[in-house]
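Asker: Please find one structure pasted underneath; my questions will follow.
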Amino acid sequence: MSSSEETVSESEKPRDPILLVDDEASLLDIFVSALSPHFDCVTATSSRAAEFELRKRDFKVVICDHLMPGGNGMSFLVRAREEYPHMQRILVTGYMKPEMLLRSVNEAALFRYLLKPVALTELIKVTTEAARLHDQSVG
């Protein structure tokens, strides 16, 4: 076996699956563009669609917008915590009162919350840290 066969290049490694949930398709596109070189990205434009995706496969991280029509992201993340406790949860929000944010962090056991507008370098860094924590929690 040659040494080239023994090492798998970075581009050939399977990417960690993550779920991105936001009702704004343009924002999802931006997030996917930033994250897809590092992760296997699946998107959903509502909490209902996200729940459907969660039943189809396992994700290491879910990144969810807070305010969406047909159900808020925080309620979705609380339910996701109950069903998928090892999956790391990141909330993206434009505005939240500090007391509501604290309660939300506790109820959904958020890994982090990110305030809009989200810096893409911060999004990549936080998502990478969350995926690493997922691996530690199941391993």
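Asker: So LYS56 passes all but one of these: (1) touching a residue at least 12 places away in the same chain (Cβ under 8 Å); (2) over 19 Å from SER137 (Cβ atoms); (3) surrounded by fewer than 24 Cβ atoms within 10 Å (Cβ to Cβ). Which condition number does it fail?
Answerer: (1)
Asker: Hey, another quick one. Could you check the stretch 50-139 for helices (runs of 4 or more DSSP H) lying wholly inside it with 3 or more residues that are among the aromatic types (Phe, Trp, Tyr) and within 13 Å of the chain's Cα centre (by Cα)? Before the answer, list the steps.
Answerer: Working: elements: 73-83, 98-108, 120-138.
Fully inside the stretch 50-139 and qualifying: nothing.
Each value in this text was obtained by applying a stated rule to the coordinates, not by laboratory testing. Keep in mind that what you see is a predicted model, and the values were worked out from it rather than measured. Virtual Cβ from ideal backbone geometry, glycine too; neighbours counted across all protein chains shown.
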